[in-house]
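Okay, structure first, notes after.
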Amino acid sequence: MTRWQPLPDSLPRETRHLVEQMRVLKGRTGLSLAELARRTAYSKSSWQRYLSGTKLPPRGAAQVLGRLAGADQARLLALWELAEQAWRPGEPEPAGPPRDAAAAGAVGDAGAGPEPAGGAHRWWRTAALAAFAVIVLLVAGLLWALPRRAGDRTATRPRGVLSRACRSRRPSRGRCP
């Protein structure tokens, strides 16, 4: 069992209660922080920050820890909601699913795993879109630079320059312009 450092005195009561409950659940699973990180979408250092009270855990982290420990999900999520409301102003907003009813119904809990902590998901999506845009521009440039038709011989040679067949004394069929 992990020996935890005392929680900061500046931590709101609701947040303290959530962190203590999550520490109990983590102990109930019997997993180390590294094992917990392997089984979830959150890193070992993220779990350390969440369970030390330095950062409010995302809703998804509380959910996945509750599932692993076999805890009452409704109670744990109610604790998370209270902790989020009491979290100090100026602290970063925790990552998690949207809280309005329409979006919550659209997202759903069935089959959807927790998103990575912080803005990592958003960063990867932006990087992928930028890479896709670069590829599209490169393909468009190549298509523009290539001749329009494979049989169009004038596209590859400047106007007025004749091929060897046209310069010879014997006339060729269909090769000269």
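FYI, it's all coordinate maths here, none of it is from the lab. Nothing here was measured: the structure is a model prediction, and the numbers come from that model. As a convention, Cβ positions derive from the backbone with ideal geometry for all residues, glycine included, and neighbour counts pool all protein chains shown.
Write out, first by first residue and then by second, each pair whose Cβ atoms fall under 6 Å of each other, whose residues are 6+ apart or on separate chains, and whose first residue, in region 33-48, is basic (Lys, Arg) while the second is part of a helix (DSSP H, G or I).
Lys44/Leu33; Lys44/Ala34; Lys44/Ala37
Restricting to region 21-43, give me the number of residues that are loosely packed, with under 15 Cβ neighbours inside 10 Å and out of contact with any Ser or Thr (no Cβ under 8 Å at 6 or more places or on another chain).
7
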